[in-house]
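Everything below concerns the one structure shown next.
Only the coordinates and a few stated rules stand behind these numbers; no lab work does. Just so we're clear, the structure is a prediction, and the values are computed from it rather than from any experiment. With ideal geometry, Cβ positions are generated from the backbone for all residues, glycine too; neighbour counts draw on all protein chains shown.
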């Protein structure tokens, strides 16, 4: 029975990974196809990569998305780590339940609700203060940071819960200040979780199209918005080339993070 269960789990695992990665492999393969149709292979060609690097709209949107994702992920790990430390380290304080609920609310909130609420918030702030004069990169960064903080907090909170506090207590007994203990002991030990949280936040921002559609203006069109708009006119092989490049860079980023996490654990 144990052998049968093990084989069944392996088969399910193989089918699961195949379901996830075979479509990506097909996209990568057909990005080198000379024909425009996705159903017919003719010959190997870099035609669509040359077309991609000539498409200024797509490249501008890609640069905007990468910039927004990097900034929002960086802000999110700072605020999310502080929120996780507050939730785990301070066991009792007035309003903890409300604070925890507000931080983790985006985890269960539909994106369309989050996007609409942020749009109404920006409109109200503009009427009261005059800022922002128009929706753009800043409003998208704020929206994506709001979404990513919840995920970063959840990831770092799990690591802090499993953290051995005897190291911190020993450092405090030896005269180190709480701030020094955090930066010298706590932060290096939770660095793998922080790195995972940054990657998670970066991927969420790079992938988002619903929230960005509500809070982005004419000068802040992100890459998912451009791709979604172009799909209405049909699938372009240029998107295959762009997707292949994104898969390559994201894979290198995940590999680099895995190496850093492995060295940190050692």
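Structure notes:
- In segment 51-165, counting only helices (runs of 4 or more DSSP H) that sit wholly within it, the ones holding 1 or more residues that are surrounded by fewer than 16 Cβ atoms within 10 Å (Cβ to Cβ), without any contact (Cβ under 8 Å) to a residue 12 or more places away in the chain and out of contact with any strand residue (DSSP E or B) (no Cβ under 6 Å at 6 or more places or on another chain) span 56-89, 96-108, 111-129.
- Among (1) assigned to a helix (DSSP H, G or I); (2) closer than 29 Å to residue 32 by Cβ - the single one residue 201 does not satisfy: (2)
- Residues of segment 221-242 satisfying the condition of being over 18 Å from the mean Cα position of the chain (by Cα), surrounded by 19 or more Cβ atoms within 10 Å (Cβ to Cβ) and assigned to a loop (DSSP other than H, G, I, E, B): 236
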